[in-house]
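Undergrad: Got a structure for you, questions after.
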């Protein structure tokens, strides 16, 4: 009976100390003119369990909590960085390692603007590949490459190790008390 109680306590404790957290995804897109590339990351969670991470400025970003993208720059479009406040749309299937060839996959930041820099990629934006634009100069750099997405390793919180060792100690103590009796 005590072991069942300890197992239930372990499961309950694990659920308390390890709530569902957003996963971190790193991404890159190469093949732009003069060797330029895009790299970035986003933190997201499939909140509604539909197999997609989705968000857009015209609806909501409940599944996406952070975003950054950096453009390395070339002679057509100088280097820039966008942050979460610049994100326009992101749709991604976390079961895949590529983004951009399945409708409505998309990453777009600063899209629909008339100033600054725009980054847009994916068939959700109308093409399989990427486009980086400098609105001030009217120049554009293109690639046909897809975005490569890699989930970042998630470290196990220290609290889980402490809780697990405490539970092992309780089980060992229970076993020792049974042996002594």
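Undergrad: Have a look at 93, 128 and point out the one that is touching a strand residue (DSSP E or B) at 6+ places or on another chain (Cβ under 9 Å) and either modelled with pLDDT of 95 or more or buried (at least 22 other Cβ atoms within 10 Å of the Cβ) (or both).
TA: 93
Undergrad: Considering each residue of region 84-108, count those that are part of a strand (DSSP E or B), without any contact (Cβ under 8 Å) to a residue 60 or more places away in the chain and more than 17 Å from residue 62 (Cα to Cα), and give that number.
TA: 1
Undergrad: Run down 31, 51 and say which single residue is within 19 Å of residue 131 (Cα to Cα), assigned to a loop (DSSP other than H, G, I, E, B) and modelled with pLDDT of 95 or more.
TA: The match here is 31.
Undergrad: OK, next. Would you call residue 150 within 17 Å of the chain's Cα centre (by Cα) and in contact (Cβ under 8 Å) with a residue 60 or more places away in the chain?
TA: Yes: the conditions hold for residue 150.
Residue by residue, here is whether (1) surrounded by 16 or more Cβ atoms within 10 Å (Cβ to Cβ); (2) more than 18 Å from the chain's Cα centre (by Cα) holds:
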| residue | (1), (2) |
| --- | --- |
| 33 | no, yes |
| 44 | yes, no |
| 49 | no, no |
| 97 | no, no |
| 106 | yes, no |
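The values are calculated or read from the model by the stated rules, or taken from the named source; none is laboratory data. On a predicted model such as this, the values are computed, not experimentally measured, just so you know. Neighbour counts are summed over all protein chains in view; Cβ atoms, including those assigned to glycine, are modelled from backbone coordinates with ideal geometry.
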